[in-house]
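All remarks here apply to the structure that follows.
The values are calculated or read from the model by the stated rules, or taken from the named source; none is laboratory data. On a predicted model such as this, the values are computed, not experimentally measured, just so you know. Neighbour counts run over all protein chains shown; Cβ positions are idealised from the backbone, glycine included. Accessible surface is based on the protein model in full, side chains and every heavy atom, while ligands, DNA and RNA are left aside. Shrake-Rupley method; radii C 1.70, N 1.55, O 1.52, S 1.80 Å.
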Amino acid sequence: MDEVDSAIVHHLQLDGRLSNRALAEKLGIAPSTCLERTRLLHRRGIIQGYRAQVSLRALNRPVQAMVSTQIRPLNRDVVAAFERSVSQLPEVVSVYTMAGSDDFLVHVTAQDIDHLHAFLLDQFTNRREIIGFRTSIIYQHLTNPVLDPLPPAADQHT
């Protein structure tokens, strides 16, 4: 990505609803150039889509937790089945497949602590492949809304 591509990505992360004309004005380029560059960023998979950021509280999901999970046997079929089934549960926001002592980190939401507890009992304690899990309540979830490219890693072989 060059500087123009990076600027397009930067501005669209701030406001994904920005019109092509407004984006071109911010960048000081022709709207046709901006549109072609944005389309190319889509085709290259750099821009993967646009989403509305919705309040979890407004969706009656004020309680969030991370569930660190260990499964066995740790093989391709068990991992794929776990990822597939857990990611489809309505309470699950995201599933991270991990390296280290935990195999998965599952971000979940619930109406309240009682519902979270029931969800864990119903969905995690009854699964034979789960050998252990720990739940950490999330008090606050902050994100960085704009990610700029990092410089390339320094060559370690010189």
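Values for this structure:
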read-out: Neighbourhood charge, 13 Å Cβ-Cβ cut-off, centred on residue 42 and excluding it, Lys, Arg +1 and Asp, Glu -1; value: +2
read-out: Sequence of 18, 59, 40, 23 from largest to smallest accessible area, 1.4 Å probe; value: 59, 40, 18, 23
read-out: Rounded Å value of the spacing that divides the Cα centres of the range 46-64 and the range 127-149; value: 15
read-out: Nearest-10 value in Å² for the accessible area of residue 15, using the 1.4 Å probe; value: 70
read-out: Cβ-based net charge around residue 98, under 13 Å, with every Lys or Arg adding one and every Asp or Glu removing one; value: -2
read-out: For the chain, size of Cβ-based charge dipole, Lys and Arg +1, Asp and Glu -1, in debye; value: 380
read-out: Principal-axis tilt of helix 3-14 within the chain, Cα atoms, nearest 10 degrees; value: 50
read-out: Summed side-chain charge close to residue 110 - residues other than residue 110 whose Cβ falls under 11 Å, Lys, Arg +1, Asp, Glu -1; value: -2
read-out: Principal-axis tilt of helix 76-87 within the chain, Cα atoms, nearest 10 degrees; value: 80
read-out: Surface per residue (accessible, 1.4 Å probe) for the chain, Å²; value: 70
read-out: Label assignment, mean projected area of the Cα convex hull in nm² derived from the structure, set [x] 11.8; [y] 13.4; [z] 27.8; value: [y]
read-out: Within the accessible area of the range 1-149 (1.4 Å probe), percent carbon and sulfur; value: 51
